[in-house]
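Chemist: This is the structure I want to talk about, given as structure tokens.
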Amino acid sequence: MSQMKLCRFQQGSGRPRVGLVADDATILDLSAEGIDRMTSLFEFEGLAAQLNALATQNLPKVPLDSVKLLAPIEQQEVWAVGVTYLRSKKARMEESEFSATAYDKVYDAPRPELFFKALAEKVAGPGDTVGIRRDATWSVPEPELAFVLNSRGHIAGYTVGNDMSSRDIEGENLLYLPQAKIYNRSCALGPFVTIGATEADARSWTIRIDIERAGTGVFTGEVSAGQLKRRFTEMAEYLFRSQSFPHGAVLLTGTGIVPPDSFTLQPGDTISIGITGIGVLENSVVQV
Ligand code: DO4
Ligand code: MG
């Protein structure tokens with residue numbers, strides 16, 4: 001059974017619909033089957049098999065270049081895990097002498113760092129703008145593999161995430177983390193949700209980022225998702241401890257790519273984050 005990709009899309013000012021990716025240029029409109037929301041699909045444990053079966057039906061075909069892809073999220077909260085790659089631990093320890101011990105400890109501790117990131121309605125989708133704070137001097141994207149979790153805390157699929165961050169604010173004092181992480185347009189997700197991939201499949205994927213300024217590349221980085229320190233079920237299980245998510249949740253799993261300290265994003269930059277096995281999420285930067 002092959003992996004399948006789902007998306008949310010809109011044609012003109014029409015209502016958001018759910019699509020099944022047929023090939024690089026075509027999606028199948030699942031609203032013809034009465035499927036209008038992704039969240040309910042994520043509750044099926046055998047979803048990949050059902051989507052494989054649906055792909056053989058005569059569903060209406062929609063050219064991908066005729067739609068606007070939307071962030072693949074409906075009512076879920078977005079949360080994030082931090083310091084899950086060695087590169088992230090090193091960068092945070094260097095950014096702040098004050099907080100170095102905390103980052104060092106959390107990398108090895110059984111309990112992961114988990115933080116709230118965004119409400120669904122605040123998430124930017126493919127082609128939307130992402131924000132850098134006007135009171136920050138050091139802003140970076142964080143390209144991350146994101147779990148799409150159902151209400152039972154099971155991984156229903158994977159998408160591409162950007163955990164936009166203000167490193168000067170985070171570095172000044174650990175207690176400023178929510179301000180460094182949660183502000184307008186600080187989270188982007190998309191373009192697709194890959195269904196039917198195991199942890200081993202996802203660990204074989206490569207995460208890549210390319211940042212361009214006025215058409216010229218200013219930063220490129222790559223990491224294997226296999227370098228993620230924590231097991232996938234462990235991260236999901238901690239999020240769902242003593243906390244329920246009736247609509248499920250999206251969990252960003254941490255960054256393994258950190259631009260050099262001399263780099264900060266500027267308005268107008270374009271950020272492309274690709275994860276093999278999912279797709280490429282592109283956004284341009286605005287000041288918020
Ligand atoms: O505690 C700082 C944030 C860590 C983070 O977002 C990451 O490692 O990706
Ligand atoms: Mg992060």
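Chemist: Could you list, in sequence order, the residues of the stretch 139-160 that are open to solvent by 20 Å² or more (accessible area, probe 1.4 Å) and out of contact with any Gly (no Cβ under 8 Å at 6 or more places or on another chain)?
Modeler: Of everything in the stretch 139-160, those that are open to solvent by 20 Å² or more (accessible area, probe 1.4 Å) and out of contact with any Gly (no Cβ under 8 Å at 6 or more places or on another chain) turn out to be ARG152, HIS154, ILE155.
Chemist: Could you name every one of the strands (runs of 3 or more DSSP E) located completely within the stretch 1-58 that has at least 1 residues being open to solvent by 70 Å² or more (accessible area, probe 1.4 Å) and in contact (Cβ under 8 Å) with a residue 60 or more places away in the chain?
Modeler: Passing ranges: none, list empty.
Chemist: Taking the condition of being over 15 Å from SER165 (Cβ atoms) and over 13 Å from the mean Cα position of the chain (by Cα), how many residues in the stretch 267-286 meet it?
Modeler: 7
Chemist: Taking the options THR264, THR276, name whichever one is among the polar types (S, T, N, Q), closer than 16 Å to ARG203 by Cβ and away from ligand 1 (no atom under 16 Å from the Cβ).
Modeler: On the way: THR264 fails: closer than 16 Å to ARG203 by Cβ.
When all the criteria are applied, what remains is THR276.
Chemist: Now for a different question. For THR198, which of the numbered conditions (1) under 23 Å from ASN52 (Cα atoms); (2) surrounded by fewer than 24 Cβ atoms within 10 Å (Cβ to Cβ); (3) under 16 Å from the mean Cα position of the chain (by Cα) fails to hold?
Modeler: Every listed condition holds for THR198 apart from (3).
Chemist: Same structure, new question: Name, by its number, the condition in (1) away from ligand 1 (no atom under 16 Å from the Cβ); (2) of a type in the set (A, V, I, L, M); (3) crowded, with 18+ Cβ neighbours inside 10 Å that does not hold for VAL81.
Modeler: Unmet condition: (1).
Chemist: Taking the options GLY217, GLY190, GLY268, GLY226, name whichever one is on the phi > 0 side of the Ramachandran plot, surrounded by fewer than 19 Cβ atoms within 10 Å (Cβ to Cβ) and modelled with pLDDT of 95 or more. Please lay out each step first, then the result.
Modeler: On the way: GLY217 fails: on the phi > 0 side of the Ramachandran plot; GLY190 fails: surrounded by fewer than 19 Cβ atoms within 10 Å (Cβ to Cβ); GLY226 fails: on the phi > 0 side of the Ramachandran plot.
When all the criteria are applied, what remains is GLY268.
Chemist: Take the residues in the stretch 234-261 that are among the small types (Gly, Ala, Ser) and either without any contact (Cβ under 8 Å) to a residue 40 or more places away in the chain or touching a strand residue (DSSP E or B) at 6+ places or on another chain (Cβ under 6 Å) (or both); name whichever of them is nearest to ALA80 (Cα to Cα).
Modeler: So, considering only residues that are among the small types (Gly, Ala, Ser) and either without any contact (Cβ under 8 Å) to a residue 40 or more places away in the chain or touching a strand residue (DSSP E or B) at 6+ places or on another chain (Cβ under 6 Å) (or both), the one nearest to ALA80 (Cα to Cα) is GLY254.
Chemist: Another question, then. Regarding the stretch 97-117, can at least one residue be identified that is in contact with a strand residue (DSSP E or B) (Cβ under 7 Å, 6 or more places away or on another chain), among the small types (Gly, Ala, Ser) and over 25 Å from ARG231 (Cβ atoms)?
Modeler: no
Chemist: A follow-up question, please. In contact (Cβ under 8 Å) with a residue 12 or more places away in the chain, of a type outside the set (Gly, Ala, Ser) and under 30 Å from ASP261 (Cβ atoms): which single residue out of VAL62, VAL106, VAL67 fits that description?
Modeler: Answer to the selection: VAL106.
The values are calculated or read from the model by the stated rules, or taken from the named source; none is laboratory data. The structure presented is a predicted model; accordingly, all values stated were derived computationally and were not measured. So basically every Cβ, Gly included, is an ideal-geometry build from the backbone, and we count neighbours across all protein chains shown. The area values use the complete protein model at the heavy-atom level, side chains included, leaving out ligands, DNA and RNA. Shrake-Rupley method; radii C 1.70, N 1.55, O 1.52, S 1.80 Å.
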